[in-house]
1. Mind checking which residues of the range 142-185 are open to solvent by 70 Å² or more (accessible area, probe 1.4 Å), hydrophobic (A, V, I, L, M, F, W, C), touching a residue at least 24 places away in the same chain (Cβ under 8 Å) and in a helix (DSSP H, G or I)?
2. Across the range 368-401, which residue is modelled with the highest pLDDT among those that are open to solvent by 80 Å² or more (accessible area, probe 1.4 Å) and β-branched (Val, Ile, Thr)?
3. Say whether the condition of being within 20 Å of residue 337 (Cβ to Cβ), part of a strand (DSSP E or B) and open to solvent by 90 Å² or more (accessible area, probe 1.4 Å) is met by at least one residue in the range 274-297.
4. Of the residues 350, 380, only one is touching an Asp or Glu at 6+ places or on another chain (Cβ under 7 Å) and either free of Cβ contacts under 8 Å to residues at least 60 places away in the same chain or not β-branched (Val, Ile, Thr) (or both); which?
5. Within the range 44-56, is even one residue more than 24 Å from residue 264 (Cα to Cα), open to solvent by less than 70 Å² (accessible area, probe 1.4 Å) and in contact (Cβ under 8 Å) with a residue 24 or more places away in the chain?
6. Taking the range 338-367 only, how many residues are within 36 Å of the chain's Cα centre (by Cα), of a type in the set (S, T, N, Q) and surrounded by 12 or more Cβ atoms within 10 Å (Cβ to Cβ)?
7. Would you point out which residue out of 92, 25 is assigned to a strand (DSSP E or B), over 26 Å from residue 158 (Cα atoms) and open to solvent by less than 10 Å² (accessible area, probe 1.4 Å)?
Amino acid sequence: MAVTEDLIRRRAEHNNCEIFSLEELSLHQQELQRIEHIDKWCKELKILYLQNNLIPRIENVSKLKKLEYLNLALNNIERIENLEGCESLQKLDLTVNFVGELSSIKSLKHNIHLREMFLVGNPCSQFEGYRKYVVSNLPQLKWLDGKEIERSERIQALQDYPQVEQQIKEQEEAYLIKRAKEREEVLEKTRECKTEHRKEKRPGFDRRWYTDIDNTVPQTSENKENCPEIDQDDQSVRTDEDDEDKEFWQQPSLYTPETRLETHRYLEEKRKSKENQSEEKKKVKPPRTLITAEGRVLNVNEPKLDFSLIDDEENNQFVLDLGIHRYLNTSLVDVDVQPNYIKVLVKNKPFQIVLPAEVKPDSSTAKRSQTTGHLVVTMPKATEQIQAQRTTSCPVKKPDCSNSQKSSKTSEKLEVDPSARSFPDVANIVQEKTIRAQGPLQLQSYKAKVMECNENFTDNSDVPPLI
């Protein structure tokens, strides 16, 4: 993978995707194989993370004058170089790389602000006298591999430097000879693998350094007919792949940049092959069956919406209330009313329900609530329902003798014996007479009756009449 402007902008989200003023950039675990464009696009960088990549060489960072921290851990770097232009460099991390040429640290003498450096996990850190050599060559260093450099240690390193320098030189030469042999061996292996690849290439070969016996057999009509054997073939392929993985990881290998690259390529090819297999096995979902071959309509609720179907007998219609999401655009909803069912497409997902009776599709209406977003579909029934008129007045029936006799008999049975009463009937002691005056004639008659009742009444002529 290469460093691109789009990659850097995506990694500059904290800076509003602006790269010209970027001060911190993290490009770790991006499978980068080269450092490029960063010194031209991000000249204001102070912190640069490039750990866990496949970078074999330090380059294109000399123009970063403000760079203070450079992290290149877990890469394939074999030599320290091209850092003279990083005038503000204070911390350099080269943990777990392949630096074997320890004398290359002399190029860091010009980085006068360098205070901390990590070389642990490199071949040079196994050299005898490694720490004394670094301390004596870089007097500006304060920390090496996480350990502080004391003054006494620096004095002792300067005193032993001539002897240590000779030891480092011999060990470095031996390492470089060994490293050259390893490169030749890797080249020979790659050539042999290429020749084997050409010889063993067959139909079904998936561009890997091995052949799959099951894939090399051409598919005939007989093999196609034997469908139950497909699962067995898949299992055999999987077991072969598992055996191959075990063989690859259990095989002893050298700790070299080439081995790391080979491991990366192997994992990448495995990942791609799995993706290809998954794409091949991935089947397109068949369209959902809404109506069977026999013509039977099915109930489907693929969008998984709440709904209610109401039978409005008074208005002789069906009302469907479908709980569509409030903020869903109405253009994504399509309603289709049929005599026996209704189908609603919500974002191309069908909702279909069978109606209890036939309806009139042409007279149906669909409305959507502006507050809740629910869809309300009103569907008049195709057959009109005839309802009997209810009368409030009760019909007058002629008296029936038989009924009267029955009622009298029932009344005699329900009537209580008057002699069994233990209290007098006070309801008939005093009769209330309500006399209402309706004009002067009635009033005069009332007066006459009062006069008749009262014998001692004398009429005074001086008193005028009340009316």
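The values are calculated or read from the model by the stated rules, or taken from the named source; none is laboratory data. Just so we're clear, the structure is a prediction, and the values are computed from it rather than from any experiment. As a convention, Cβ positions derive from the backbone with ideal geometry for all residues, glycine included, and neighbour counts pool all protein chains shown. All accessible areas refer to the heavy atoms of the entire protein, side chains included, with ligands and DNA or RNA removed. Shrake-Rupley method; radii C 1.70, N 1.55, O 1.52, S 1.80 Å.
1. Matches in the range 142-185: 176 only.
2. Among them, the one singled out is 371.
3. As a first pass, look at the range 274-297 and keep what is within 20 Å of residue 337 (Cβ to Cβ): 288, 290-291, 295-297.
Okay, now just the ones that are also part of a strand (DSSP E or B), so 291, 297.
With the extra rule that they be open to solvent by 90 Å² or more (accessible area, probe 1.4 Å), the set shrinks to none.
No, the range 274-297 has no match at all.
4. Details: 380 fails: touching an Asp or Glu at 6+ places or on another chain (Cβ under 7 Å).
Criteria check complete, one pass: 350.
5. Looking only at the range 44-56, we keep the residues that are more than 24 Å from residue 264 (Cα to Cα), and these are 44-47.
Next, from what is left, pick out any that are open to solvent by less than 70 Å² (accessible area, probe 1.4 Å): 44-45, 47.
Within this subset, residues satisfying the condition of being in contact (Cβ under 8 Å) with a residue 24 or more places away in the chain are 44, 47.
Yes, there is a match, as at least one residue in the range 44-56 is more than 24 Å from residue 264 (Cα to Cα), open to solvent by less than 70 Å² (accessible area, probe 1.4 Å) and in contact (Cβ under 8 Å) with a residue 24 or more places away in the chain.
6. Qualifying residue count, the range 338-367: 1.
7. Being assigned to a strand (DSSP E or B), over 26 Å from residue 158 (Cα atoms) and open to solvent by less than 10 Å² (accessible area, probe 1.4 Å) holds for just one of 92, 25, which is 25.
So that you can scan it fast, the table gives a plain yes or no per residue for (1) among the charged types (D, E, K, R); (2) in contact with a strand residue (DSSP E or B) (Cβ under 6 Å, 6 or more places away or on another chain); (3) at pLDDT 90 or above:
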| residue | (1), (2), (3) |
| --- | --- |
| 317 | no, yes, yes |
| 320 | no, yes, yes |
| 324 | no, yes, yes |
| 348 | no, no, no |
| 360 | yes, yes, yes |
